[in-house]
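Please read the structure below before turning to the comments.
The values are calculated or read from the model by the stated rules, or taken from the named source; none is laboratory data. Because the structure is predicted, anything quoted here is derived from the model rather than measured. All Cβ positions, even for glycine, are placed from backbone atoms using ideal geometry, and neighbour counts span all protein chains on display. The accessibility values were calculated without ligands, DNA or RNA, using every heavy atom of the protein model including side chains. Shrake-Rupley method; radii C 1.70, N 1.55, O 1.52, S 1.80 Å.
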Amino acid sequence: MWLLITNIAILSPLYQQVTVWSLAICTICIIWRVGIYLGKVAKPPQWLVTTLAFASAMTLAMVANKIGVLTALINLLILGYALKYIEMRNRRDVQVVVLAGYFLIALTFIQQQSLWSTLHLLVVTFINTCVLISLYHDENNFKHAAKLGAKILLQSVPLAVILFVILPRIPPLWMVPPQGGAKTGLSNTVSFANITELTRSAELAFRATFSDNVLLQNSALYWRAIVMEDYDGTQWLQNPSIIAVERGLTSPKGLDTAVIQRFAPVSNNVFNSAKALSYSVIAQPSSQHWLFGLDRATSQDHGINMLADFRLYASKPIDQQRLYNVTSYPNQPLEPSLSPALRAVNLSLPNNSNPRTTRLAMQFAAQYPKETDRLDAMMLYFTQQPYYYTLRPPAVGKQQIDNFLLDNKAGFCVHYASAFAFMARASGIPARLVSGYQGGEYNSAAGYYSVYQYMAHAWVEVWLPARGWVRFDPTAMIAPERIEAGFDAFFDPQESYLADSPFGYMSYRTSEMFNQLRMQFASVDYFWSVWVLGFNTDKQQRVLEEVLGEVTRIKLAMFIIASLGVIGLSIAYSAGLIQFHRSKDRHLNAYYAVCKLLRKRNLPRDYNEGPLDYNQRVAAAFPSIAKDFDKLTRYYIAIKYQNVGKKPQKKLSRLLIKQSRWLKIIIIKQRLALNKTNT
């Protein structure tokens, strides 16, 4: 029964990686094993298990390209675990299943490291350990196995903590990236449909903590992630040159020298000491490289690049939670000078695209020759016309911006940003689209901002002489509450991120009590992410310096040896190999007290020596106490090994204690006399 429980407990956290038919085979194996346990079915023949294992391996090999190599290997291990479960015949088979269970638990922990997943896996580890204990103990007692299992796990905690602190932080080079595209998150293209999909997701995108408890207004939180400079009439895309840079940063060969220099990564030294914002970001897994930061974001963390379009880009995809540090310079101009080539890129529009919007832009250009006046007029245009902000805009035709701007007049951030950027370009002002997130939910209990997928946003940057790229957000003209107070201040959650999960935990945010509880749980998970998942090389060095002072190899080796020694002594003490206190058996203590004094007289009692044998040796070595020690031995044997009545035992107990005291006095007197004679 223990094995059945642990089998289900180990496989349940891996449900996301298990294919449908693997799940079906696992279910059949579990049901079959229950039938064996109840005596309803026989164990499967060996040839059947072998055939199933071979067929499963062949099938996984054929679909590996489709589901991903890592997922295929995980399924193979799970199937092996399940098939071994039904063909167990002896204790050795059970040992194999238990050890395979530990391997699956470790594999799950590598992929799921949140606090709640860790607690879940800790429970699963406890159950698996109880199975292992039951193999070596005859007592079929749940309480005994649970108590010993908990004790073993608690004993392993100090060792785990020390290994966590001292082991080098090695990046997961062995990880195989999952296939099948990115998880929920931004895309490197933006169309009228992209952001709408994200507004229906309540998944966490990242969390940010500002130094010195800085609090920012919601309107100041524009988290840039992707810059798109090409427009093909239906969607905005990244320019091929910046894609070439990104590929060069992730390629072992490095950057191609043919890449346009303007798009090459920039150095952190270009930023001056203007007012800066320092903060850390914990990005959720996205399987993408782009990171998030406020204008103008810089980072000196290893593996993070600063691109010339003022984005942060990771050298490796974010397959696990990643903590990185950022310093932003909000007052720093973005690219004050623009090359002719890039000016042309950011002015280009498809031929014969949206002719009515083009004519409107030309009217603005004629009426407002000055660029800043023209841009202000375009922004005001959205308030002067009956525009409506909605996540469910009407469909548009081939000339998308014409249909939205002049016919439907209903849309969301991408519609307004696209129309504004198009008009700016059509009137002769370089413009581009930026996508990322806007706003954040502040957790006062832990002092950080949570940014969710539904906060995805798009805005525009236009280039102005001497000022560089300047942010314009037309959404602020149509739905200022969306920008100033956040997404929830303008949209009904039931029509956005709760539409697909009406009973999700976010649906209870209106309850003050539940919301406070949600924030408290989020705070615990946040600190877990910062101090455990974010325990990088720098933090490790600081901790070791606090413990050891200057960290040297000799000090570190001594610290490791001392720590392991303390742990080993603790385990030995727990196993009864070392005793630091007297036994509760007063008869045993009385007998051992005399033996201890004789040991100091160079007559120690051997570990396996019986009382009678030791009595003979004492009589031979110390004839003066032979008679008294013989009495002590007989009393001790009668109490410990003879079935005497209650009343005689009381009498023997008194005699034993009395004889022990008498002998100790005699031995001490003889030793003092001997010492005096020697002196």
When you go through 99, 119 one by one, which is the residue that is under 25 Å from residue 21 (Cα atoms) and open to solvent by 60 Å² or more (accessible area, probe 1.4 Å)?
-> 99
Kindly indicate whether any position in region 32-49 is under 31 Å from the mean Cα position of the chain (by Cα) and either touching a residue at least 24 places away in the same chain (Cβ under 8 Å) or in a helix (DSSP H, G or I) (or both).
-> no
Within region 341-356, residues more than 48 Å from the chain's Cα centre (by Cα) and either in a helix (DSSP H, G or I) or at pLDDT 95 or above (or both) come out as 355, 356
Of all residues in region 357-396 being among the β-branched types (Val, Ile, Thr), assigned to a helix (DSSP H, G or I) and open to solvent by 40 Å² or more (accessible area, probe 1.4 Å), which is farthest from residue 479 (Cα to Cα)?
-> 358
Specify the residue that is nearest to residue 667 (Cα to Cα); the eligible residues are those in region 622-644 that are free of Cβ contacts under 8 Å to residues at least 24 places away in the same chain and not in a helix (DSSP H, G or I).
-> 642
Return a yes/no flag: does region 18-30 have any residue that is β-branched (Val, Ile, Thr), open to solvent by 90 Å² or more (accessible area, probe 1.4 Å) and free of Cβ contacts under 8 Å to residues at least 24 places away in the same chain.
-> yes
Do you know which residues across region 189-215 are modelled with pLDDT of 90 or more and in a loop (DSSP other than H, G, I, E, B)?
-> none
Which one of the conditions (1) modelled with pLDDT under 85; (2) part of a strand (DSSP E or B) does residue 176 fail to meet, given that it meets all the rest?
-> (2)
Go through 283, 264 for me and flag whichever is of a type in the set (A, V, I, L, M, F, W, C) and at pLDDT below 85.
-> 264
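The rows are residues; the columns are (1) β-branched (Val, Ile, Thr); (2) within 26 Å of residue 142 (Cβ to Cβ); (3) in a helix (DSSP H, G or I).
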| site | (1), (2), (3) |
| --- | --- |
| 72 | no, no, yes |
| 79 | no, no, yes |
| 93 | no, yes, yes |
| 98 | yes, yes, yes |
| 104 | no, yes, yes |
| 107 | no, no, yes |
| 119 | no, yes, yes |
Residue count, region 62-96 (criterion: surrounded by fewer than 17 Cβ atoms within 10 Å (Cβ to Cβ) and farther than 24 Å from residue 47 by Cβ) = 5
Would region 492-502 turn up any residue that is surrounded by 24 or more Cβ atoms within 10 Å (Cβ to Cβ) and modelled with pLDDT under 90?
-> yes
Out of the residues in region 313-340 that are more than 30 Å from residue 535 (Cα to Cα) and not in a loop (DSSP other than H, G, I, E, B), which is most open to solvent (accessible area, probe 1.4 Å)?
-> 340
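Let's see how each residue does on (1) modelled with pLDDT under 90; (2) surrounded by fewer than 19 Cβ atoms within 10 Å (Cβ to Cβ); (3) in contact with a strand residue (DSSP E or B) (Cβ under 9 Å, 6 or more places away or on another chain):
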position	(1), (2), (3)
627	no, yes, no
631	no, yes, no
637	no, yes, no
647	yes, yes, no
656	no, no, no
664	yes, yes, no
Identify the single condition in (1) closer than 18 Å to residue 219 by Cα; (2) buried (at least 24 other Cβ atoms within 10 Å of the Cβ) that residue 421 does not satisfy, given that it satisfies every other one.
-> (1)
Under 7 Å by Cβ, and 6 or more places apart or on different chains, what pairs join a residue from region 587-609 that is in contact (Cβ under 8 Å) with a residue 12 or more places away in the chain with one that is surrounded by 14 or more Cβ atoms within 10 Å (Cβ to Cβ) and in a loop (DSSP other than H, G, I, E, B)?
-> 595/605
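This table checks each residue for (1) modelled with pLDDT of 85 or more; (2) assigned to a loop (DSSP other than H, G, I, E, B); (3) surrounded by 16 or more Cβ atoms within 10 Å (Cβ to Cβ).
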position	(1), (2), (3)
550	no, yes, no
570	no, no, no
573	no, no, no
578	no, yes, no
583	no, yes, no
620	yes, no, no
661	yes, no, no
Flag if residue 53 is more than 25 Å from the chain's Cα centre (by Cα), open to solvent by less than 70 Å² (accessible area, probe 1.4 Å) and more than 22 Å from residue 131 (Cβ to Cβ) | yes
Within the bounds of region 31-40, is there any residue that is open to solvent by 70 Å² or more (accessible area, probe 1.4 Å) and in contact with a Phe, Trp or Tyr (Cβ under 8 Å, 6 or more places away or on another chain)?
-> no
